[in-house]
Each structure stands twice: as structure tokens, then as C-alpha cells.
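To start, the structure itself, in C-alpha cells.
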Amino acid sequence: MRVALFATCLVDTLTPSVARATATLLERLGHEVVVPRDQACCGQMHVNTGYRREAVPIIANHVRAFAGAEAIVAPSGSCVASIHHQQADVARRAGEHRLADDATELAGRTYELSQFLVDVLGITDVGAYYPHRVTYHPTCHSLRLLRVGDRPLQLLRAVRGLELVELPGAEQCCGFGGTFAVKNADTSTAMLTDKMANVLGTHAEVCTAGDASCLMHIGGGLSRLRAGTRTVHLAEILASTEDAVTPDQQTKPAVTA
Amino acid sequence: MTAVHLGMPALPTAPRGVGHLRGDESFPAAARSALRDGQLRANLGHATTTIRDKRARVVDELPDWAELREAGRALKAATMARLDDHLEELERQVTARGGTVHWARDANEANEIVTRLVQATGASEVVKVKSMATQEIGLNEALEAVGLDVFETDLAELIVQLGEDKPSHILVPAIHKNRAEIREIFARTIPGVDPGLTDDPRQLAMAARAHLRERFLRARVAVSGANFGIADTGTLAVVESEGNGRMCLTLPETLITVMGIEKVVPTWQDLEVFLQLLPRSSTGERMNPYTSTWAGVTPGDGPQEFHLVLLDNGRTAVLADEVGREALHCIRCSACLNVCPVYERAGGHSYGSVYPGPIGAILSPQLTGVEDNASLPYASSLCGACYDVCPVAIDIPKILVHLRAEHVEAQQRVTPEAAAFRALSTAMSRPWLWHLTQRASRLGRLIARGRPTLPNALPPPISGWTRSRDLPTPPTSTFVESWTREHGR
């Protein structure tokens, strides 16, 4: 299959290794990966902060950039959820009905990585090797908007060498919430503290998830505490093989520096 | 939006200076203090986890929960679509059964009506059933201002009243207090209390019971709220756990009920759905211990005078917002509070309104007008746990986002934030400019000076992040850039 990769603005700018891993994984599975150069953002940050009018041209750019793609995959539950649940509404409210229809149509072909692997490709064993103790944080939008359920866990369980440990209080938000992390920094930090306590309680080396944004939050907190437990995106774990046991993981914390 | 405002006066919102819908400070400021209260965090963490687990157990055992929830949502939506008809039918039926209906535009009118009605009885004190509507309008303060004594009879409301505190939860107003703190309040404030009072829950309940029993027996006037007002029979319903409500609703000569207009349901049969949804969602019980219903007056049995005060206080304005109006479907179960990670940490007082938590964050700003509670729609990480548990499927995250936009669009001047978001929108909709912006972010590498993370001390608003979290140093190349370099276009 020819798969268009939507890196997402945050991954592309701050953690490109996550998009690279997604491409590597899909190519290893025998698919052709294309990366539309004109992609930027899904518009979620604008919509969720109250700038829904300003989100319309961003959505229009996204729809233009991916027009004609057979399948679109993004390594983010949150961005895919915004594409599925917000884009068309926001466009329609602005009177852009054509854009809304196009966005709806595009959303039908847009998948979060774990959903694409398990539901579209029908595989749970992607042939990965990752010899580490790992705990999984189900990010809120993957869990409650996309309903990815245990798909990421199915994928992780099939990874050779990986020891999966259950995260207590897994379904509680890490406190990221986009601009919430800055506008309500204290409450966000309180939520993060409890999430980190649970992560550290597992004695995992790695905390993984399907969203680089939430991982940047959890990882940023763990790194600040010099905790040693690092955050690694699900795509990076699934892209790892015996030949490449330590891919370039930019979400690893500062403590190693 | 402009279309609504053309030629149509803005509908009145809840007035300032009365009631408890507005806080003294913004949510982030109030939360900053509350988060430092370790006892509060411990009490709330324990209590919300307990109720949350109980609710999950009793909801999971119902195979038709999803259908019930959809029925509840549909009933509320249909009722709101013809709210005026149902309210007039309720008025006709209550009147036909010997009650008197009063219409209160806002908190001031409602307080005046109730004060006048109490004064007309000649009574000097009032017993109260736990009621959110009367908390919302500040009825206790209004009655006390004319020299009347007001006694809350719900155990948790009593704790709050005796402690000269404020409620912090819709269902469990004293959820922020633990047993030891309640013992201290009782020992200090209840006249003639046993000096050997311990924090054993049974002892505490018995102390409250002894204190209240005397007041029930001598009360001549009671004030209640209502969980439901049934239009086709003129029946009011109160759902409770303790039985104090039943005492108030049956012993006094005069009963005054203050009900928000959104509490009306068309038919008696509708209770079939709501009486299943409510107790399981609120206390995590299959059925609540006491459900009291009454219609008008019955000669020789119960109160001989009954008044129903129908309260608007901004509700019609909420109804006019086609996205936000779903907030009026709320049946005050508190399930959204109990699962909310923000509520669990910041506590109910941080919201500044009697309606805290996720539902409060969408209800309070709509009742007062968004600008009077502008920080509340942002008091959420949009995790969506509230929507999942809401028994009438109110899409709280969607309304939060809608109200954020209403706030942004209400600004007359361009705020620095708006300027930044507009600039970013321009960049993110033009690929060449976006690539330039991404390259500009690499200036961060200069201040990182070879370290994998940026310095902790950065100017606002980034400082909000870096105060407690490291920010990775931007990489030398974006993914799209390097991919394009390798693969061509």
C-alpha cells in the first residue's frame, strides 16, 4: 500500500525521530511511504485554545497537502482525533462547507498508527526486537476519542525481548492538555507528578505511548527529576530490530547527557 | 456570533453581586493555593477514588447502560426543545393540586419571593433540604439578612454550614473534609455535644442527628430544591440518601421548593430512566435510599401550603446557545467531578462557583456570561473522562472548547496570545512560511548551547512549561526536510 505519512507539527519540529521510525516501520512491512512536503498541522492547538476561526486555513492546508492520498497515517492519537472529530465541524461553522466535506472524506482515510497496523494491515507482530522493561501510558485522545483500546498493547506484547509492565492509574491524564500545560501550569504539574510516581513505581526503563506530545510532557518531567526512566514513542519501539536496537530516540531524557 | 445578536437583545445572565457562581480569583490562581494543601489532596484523592470505583462497579453490571444513557440524553434534548410548553403544563398541574407557582427571572427575584413567603408565615427559622439551586442564588444569606435562622439538614451541608465553609462538590459538599476535621467542627460548634466525641462515622452521624432532630420537630417552614419536576402530574421529586429531606418535606406546615427551569421532565414515565441513571452515577448505588415525591397539597397530610419557585437565572441564555445548551441536561450526579483529574487535585473551591468540576466549567460561565468566568473553560486538559461517565452524554470537552472560542471572540483588543496564534495560523497555512518558522525554532539550539534540553529559566509563556518540565532542544533538521532531501519531491 502507498501510505502518506502525516508527521504532525510537533513531531516534525521537535521529535523527528518519531516520524522517521514510523516511516522505517511501514517500509519494513513492505509499504511505500510518501511524505507530502506541504504538510504542517491539523489545527488542533488552535481549535482547543479557542482560535477556531484561525484554524480554518490550517485545516485547508492539511486537506490540500494530503489530497488524493490512499491512506494517511500519523504517529499521534490526538492529531488523528482532531482530524476525525474537529476539522469538519470547525470548517462548517466558518461556512466552509466544501472544506468540511473534503475534511470528512480525508478523515475516513486517516489512521492512528496502532489502528492502521492492527485494523487495516491486520498485524500485531511487526517483527520488532526491543530488549527493555517498558510501561505503556494510554493517551487520553487515543483512549477516549479514537477508542484504540488494547491495540498498542497487542503490538507491544508481540515485540521480542520486551518486558511489558502494567502502569497503575494508566487511564488518568498525564496533565499535558496542549496549552493547558502552560495556562494551568500548576494543576498540570500536579497531574504530571502523580503520573510520574506511577511510572517510576513500575521500575520500567521506558514509558511509551502513541502521542509524542504527552511523551514530551511526561519525559520532560522525568528528565527534570533526573529520574532515568525515558519516554520512547510506540513507533520507535516497533521500528527497532536486532540490527538497530537503539534507534535515534530524541525523546530520551537529558540525564544521559 | 453575529447572527444571534442582530436585532435581538442579549438574554439576561445571572446577575452579579448575588449568589455563588463567580469566584474572587481566576482558576489558575485559586488552584495554585489549593494544590499546596496536602490534606485536601489526600482527602479528595481518597474520596473520589472510592466513589469512582463504586460507580464503575454498578454501571458495569447493567447490560443496557448505553441504551439507558441514550434514552436520558434524548429525553433531555426533547424536553429542552419545548421547555416553555412543559413549564406551563407544570404550572397548571401544580396549581390544580393546590400549590402556587412563582416565576423568578434571576437570583434576586427568587430570593425576594422566598423571603416574602417565609416572612408571611411568621416563622423565625427555616429547615433546608440540600439544594444546588438555593446555593446558586445565595438564598441562605438572603434569609439571614432579614433575621431568619436557616438550618441545613443534609449532613455534609451541615458540616459546611457549621464550619462556616463553602461547598466543594455537588453531591458531597464536604468532600474536602476528613473524619478528624469533621469531629473538630462538631466538637467546636454543636451546643451540648458529647465532649468525648470521636471521629467514628457512626458517632458523628448520631451527633448530627441529635442536633437536627429538635429542629425538624419544631420547624414550620422548609425550603427544598428538586431533582425533577414532572409536568403532566405537577409532581416534584427529591432523591436523597439520609432521610433528612423526607423529614423536611413532610413535617413543616409550609414547603417552598426552588427549582431551576431545566429540571422539568414531561411525564411520570420519564423517571423510569432518570431514577436508574442518577443513583448509579452519583453515589454508586443501585438505588438511592429515599425518593420523595409530592404534588400540590393533601389535606391533613404533610405541608398544607406549597410554593414552587421556577428559577431562570441565566438558563434561557444558555438554551439560546446551540452548542452550549447541552449543559442544561445535567442531572447533578457529580460523576464528572469524581473522574476529573483536574478536580481531584485542585478541589471544588478553585472553581469559585457552587458548580465545580467539568460540568461547572461549562455551566457557570454560561450562566454568568463567559467573560465573568473566563478562566473556567480552560480549567481542563480535555482528557474526556467526564464525557465518558456522564449519564446523559453531555459532550463536556466539546462545550469547553466552544466556550474558549466564545471567550477569544469576545475580546475587543488583540491580546498577545491572539497575535501569536494568528501569526502561527498564517505560517501553518503556507508551507514555505511554515518551513521558515520551523527553521527559526532552531535558534533554540543557540540557548541550549549543546545540551539536549533548553534552560529552565525562559520567558513567559514558555516558563509555564519549563518551570517543571524540560523542553527538548530543537533538532538540526525537521523530518519532512530530511526526508525530502533523501527522496526528492
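The values are calculated or read from the model by the stated rules, or taken from the named source; none is laboratory data. Fair warning: this is a prediction, and the values are worked out from it, not measured in the lab. Cβ sites come from the backbone with ideal geometry, for glycine too, and all protein chains shown count toward neighbours.
Kindly indicate whether any position in the range B:347-359 is part of a helix (DSSP H, G or I), surrounded by fewer than 24 Cβ atoms within 10 Å (Cβ to Cβ) and touching a helix residue (DSSP H, G or I) at 6+ places or on another chain (Cβ under 9 Å). Yes - at least one qualifying residue is present in the range B:347-359.
From the list A:Ala204, A:Ala185, A:Ala235, the lone residue that is in contact with a Pro (Cβ under 6 Å, 6 or more places away or on another chain) and of a type outside the set (D, E, K, R) is A:Ala235.
Of the candidates A:Leu117, A:Leu156, A:Leu143, the single residue that is in contact with a strand residue (DSSP E or B) (Cβ under 6 Å, 6 or more places away or on another chain), among the hydrophobic types (A, V, I, L, M, F, W, C), crowded, with 16+ Cβ neighbours inside 10 Å and outside any loop (DSSP other than H, G, I, E, B) is A:Leu156. The condition (being within 14 Å of chain B (Cβ to nearest Cβ), assigned to a helix (DSSP H, G or I) and either β-branched (Val, Ile, Thr) or more than 16 Å from the chain's Cα centre (by Cα) (or both)) is satisfied by just one residue among A:Thr189, A:Thr104: A:Thr189. In the set B:Ala66, B:Ala78, B:Ala123, only one residue is surrounded by fewer than 20 Cβ atoms within 10 Å (Cβ to Cβ) and not in a helix (DSSP H, G or I); that residue is B:Ala123. What about B:Ile399, is it of a type outside the set (Ser, Thr, Tyr), part of a loop (DSSP other than H, G, I, E, B), touching a residue at least 40 places away in the same chain (Cβ under 8 Å) and touching a helix residue (DSSP H, G or I) at 6+ places or on another chain (Cβ under 7 Å)? The answer is no for B:Ile399. Please find, within the range B:414-463, the residue that is farthest from the other protein chains (Cβ to nearest Cβ) out of those that are surrounded by 12 or more Cβ atoms within 10 Å (Cβ to Cβ), modelled with pLDDT of 95 or more and assigned to a loop (DSSP other than H, G, I, E, B). Taking the candidates together, the pick is B:Arg430. Condition check for B:Ser380 on (1) facing chain A (nearest Cβ under 8 Å); (2) over 24 Å from B:Val323 (Cα atoms): one failure, at (2). What do you reckon, is A:Glu96 touching a Lys or Arg at 6+ places or on another chain (Cβ under 7 Å), more than 9 Å from chain B (Cβ to nearest Cβ), in contact (Cβ under 8 Å) with a residue 24 or more places away in the chain and of a type in the set (D, E, K, R)? So A:Glu96 does not fit the description; no.
Looking only at residues in the range B:50-63 that are among the β-branched types (Val, Ile, Thr) and in contact (Cβ under 8 Å) with a residue 60 or more places away in the chain, the one that is surrounded by the most Cβ atoms within 10 Å (Cβ to Cβ) is B:Ile51. Scanning the range B:464-479 turns up one or more residues that are more than 31 Å from the chain's Cα centre (by Cα), exposed (fewer than 13 other Cβ atoms within 10 Å of the Cβ) and more than 8 Å from chain A (Cβ to nearest Cβ).
Scanning the range A:43-55 finds no residues that are without any contact (Cβ under 8 Å) to a residue 60 or more places away in the chain, closer than 23 Å to A:Arg151 by Cα and either of a type in the set (S, T, N, Q) or in the same structural domain as A:Glu112 (by TED's automatic domain parsing) (or both). Can we say A:Asp38 is within 25 Å of B:Trp432 (Cα to Cα) and not aromatic (Phe, Trp, Tyr)? In short, yes. Taken over the range B:188-203, the criterion of being within 24 Å of B:Gln135 (Cα to Cα) and among the hydrophobic types (A, V, I, L, M, F, W, C) is satisfied by B:Ile190 alone.
A quick yes/no check of all residues on (1) among the basic types (Lys, Arg); (2) under 19 Å from B:Ile362 (Cβ atoms); (3) free of Cβ contacts under 8 Å to residues at least 24 places away in the same chain:
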site	(1), (2), (3)
B:Thr267	no, no, no
B:Met287	no, no, yes
B:Thr293	no, no, no
B:Asp301	no, no, yes
B:His307	no, no, no
B:Thr316	no, yes, no
B:Gly324	no, yes, no
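Among the residues of the range B:152-183, those that are outside any loop (DSSP other than H, G, I, E, B), crowded, with 20+ Cβ neighbours inside 10 Å and not charged (D, E, K, R) comprise B:Leu155, B:Ala156, B:Leu158, B:Ile159, B:Val160, B:Gln161, B:Ile182.
Just a yes or no: is a residue in the range B:193-215 of a type in the set (A, V, I, L, M, F, W, C), touching a residue at least 60 places away in the same chain (Cβ under 8 Å) and within 23 Å of B:Glu144 (Cβ to Cβ)? Yes; the residues of the range B:193-215 include at least one that is of a type in the set (A, V, I, L, M, F, W, C), touching a residue at least 60 places away in the same chain (Cβ under 8 Å) and within 23 Å of B:Glu144 (Cβ to Cβ). Report whether or not B:Ala145 is buried (at least 21 other Cβ atoms within 10 Å of the Cβ) and of a type in the set (Gly, Ala, Ser). When the stated conditions are applied, B:Ala145 does not pass them.
Is it the case that some residue within the range A:36-54 is in contact with a Ser or Thr (Cβ under 8 Å, 6 or more places away or on another chain), more than 12 Å from chain B (Cβ to nearest Cβ) and not aromatic (Phe, Trp, Tyr)? The answer is no; no qualifying residue exists.
Which of (1) more than 7 Å from chain A (Cβ to nearest Cβ); (2) touching a residue at least 12 places away in the same chain (Cβ under 8 Å); (3) part of a helix (DSSP H, G or I) is the odd one out, the single condition B:Val392 does not satisfy? Going through (1) more than 7 Å from chain A (Cβ to nearest Cβ); (2) touching a residue at least 12 places away in the same chain (Cβ under 8 Å); (3) part of a helix (DSSP H, G or I) one by one, B:Val392 breaks only (3). Scanning the range B:360-377 for residues that are surrounded by 24 or more Cβ atoms within 10 Å (Cβ to Cβ) and either hydrophobic (A, V, I, L, M, F, W, C) or within 12 Å of another protein chain (Cβ to nearest Cβ) (or both) yields B:Ala361, B:Ile362, B:Leu363, B:Leu367, B:Leu376, B:Pro377. No other residue among A:Ala21, A:Ala4 is more than 8 Å from chain B (Cβ to nearest Cβ) and under 18 Å from A:Ala212 (Cα atoms) apart from A:Ala21. Here A:Ala158 fulfils each of the conditions (1) more than 14 Å from chain B (Cβ to nearest Cβ); (2) of a type in the set (A, V, I, L, M); (3) closer than 17 Å to A:Ala81 by Cα apart from (3).
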